[in-house]
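A.B. asks: This is the structure I want to talk about, given as structure tokens.
The values are calculated or read from the model by the stated rules, or taken from the named source; none is laboratory data. These numbers come from a predicted model, not from an experiment. Cβ coordinates were reconstructed from backbone atoms using ideal geometry, including for glycine residues, and neighbour counts include every protein chain displayed. SASA here: full protein model, heavy atoms, side chains in, ligands and nucleic acids out. Shrake-Rupley method; radii C 1.70, N 1.55, O 1.52, S 1.80 Å.
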Amino acid sequence: DHYLRAVSYLERSGLQTDQENAIRIFARAVELDPQFAAAYAKIGYAHSNMYWFFYDRTDARIELCRKAVERALELNPSLSAAHEAMAWYFYHAKLDYANALKEFSVALTLQPNNTEVYFGMGAVYRRQGRIHEGVEAFRKAVAGNPRAPDLVRQFGETLMLAREYEEADRVFTRTIDM
């Protein structure tokens, strides 16, 4: 129950209060079950968001992220969410795109069609200027989760960068409709 409540905060928005609430509730989940690898992975992801969105740009925040993700991997090295969280660590905290893509690829191998992984890959590709690869990654992410407004919006932004304006317009209209 704590895990699901915390996930709902992560999915609600990127606002600082939602990220902090998620971390607090995930922490309670691992208090109740210290072997809960998925909760550790999500704690790491939330800490990377805190850093990425400039709520807390300290080394201490990055250390909290790294430790949580490493704990998740220690508990379950074949957990897709743990590799996904490590990818976000590399992307958000280190701007290490090569290792982020490696970890996203591992996560995708462990859980094919994971929309969050495709979202992450698309974000990295876009950051690298590999716009057409980003478009395809976002297309797969949206196909797997067509009702996620922020995901659909980011797909539209990536289409604009690819100068695919007509499709971007359709995607933005869909986002507004949601």
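A.B. asks: Binning at 10 angstrom from zero up to the longest distance, how are the C-alpha pair distances of the chain distributed in percent?
C.D. replies: 11, 36, 37, 14, 2, 0
A.B. asks: Evaluate the charge dipole of the range 1-78 about its Cα centre and quote only its size in Debye, nearest 20, assuming +1 on the Cβ of each Lys and Arg and -1 on the Cβ of each Asp and Glu.
C.D. replies: In debye, rounded to 20, the range 1-78 gives about 80.
A.B. asks: To the nearest 10 Å², what's Y55's accessible area with a 1.4 Å probe?
C.D. replies: 80
A.B. asks: Still on this structure, please answer the following. Does the range 28-112 come out rounded, prolate or oblate, given a ≥ b ≥ c as the square roots of the eigenvalues of its C-alpha gyration tensor, rounded meaning a/c under 1.5 and, failing that, prolate meaning a/b above b/c?
C.D. replies: Here the range 28-112 falls in the oblate category.
A.B. asks: Label-point separation (nm) for R127 and I176, each offset 7 Å from Cα along Cα-to-Cβ?
C.D. replies: Going from the R127 label point to the I176 one covers 3.1 nm.
A.B. asks: Where the only charges are on Cβ atoms (+1 Lys, Arg; -1 Asp, Glu), what is the dipole of the range 70-115 about its Cα centre, to the nearest 20 debye?
C.D. replies: Values: 3 positive and 5 negative charges, 11 e Å.
Value, rounded to 20: 60 debye.
A.B. asks: Can you give the extra length, in nm with one decimal, that the chain gains between W52 and Y165 once fully stretched, where that is 0.36 nm per residue apart less the Cα-Cα distance? Provide the component values of the computation, followed by the final result.
C.D. replies: Working: separation 113, 0.36 × 113 = 40.68 nm, distance 2.85 nm.
Gain on stretching W52 to Y165: 37.8 nm.
A.B. asks: So, for the range 136-178, what is the accessible surface per residue at a probe of 1.4 Å, expressed in square angstrom?
C.D. replies: Accessible area per residue, the range 136-178: 63 Å².
A.B. asks: How much accessible surface does M178 have with a 1.4 Å probe, in Å² rounded to 10?
C.D. replies: 90
A.B. asks: Relative contact order of the chain, please, whole-number percent, based on alpha carbon pairs below 8 angstrom and at least 6 residues apart. Let's see the in-between values first.
C.D. replies: Details: 266 pairs, mean separation 22.2, N = 178.
This gives 12 percent for the chain.
A.B. asks: Under a point-charge model restricted to the Cβ atoms of Lys and Arg (+1) and Asp and Glu (-1), what is the dipole moment magnitude of the range 22-178 relative to its Cα centre, in debye to the nearest 20?
C.D. replies: Details: 20 positive and 20 negative charges, 26 e Å.
In debye, rounded to 20, the range 22-178 gives about 120.
A.B. asks: Which part of the range 79-113 falls in the paramagnetic zone of Q35, meaning amide N under 20 Å from the point 7 Å along Cα-to-beta-carbon?
C.D. replies: Answer for this model: 79-83.
A.B. asks: Whole-Å semi-axes of the range 68-110's equivalent ellipsoid, largest first, each the root of 5 times a Cα gyration tensor eigenvalue?
C.D. replies: Result for the range 68-110: semi-axes of 16, 12, 6 Å.
A.B. asks: Let me ask something else. In whole percent, and with a 1.4 Å probe on the protein chains, what portion of the accessible area of the range 1-109 is carbon and sulfur?
C.D. replies: 53
A.B. asks: Based on the Cα coordinates of the range 133-178, what is the per residue volume of their convex hull in Å³?
C.D. replies: 52
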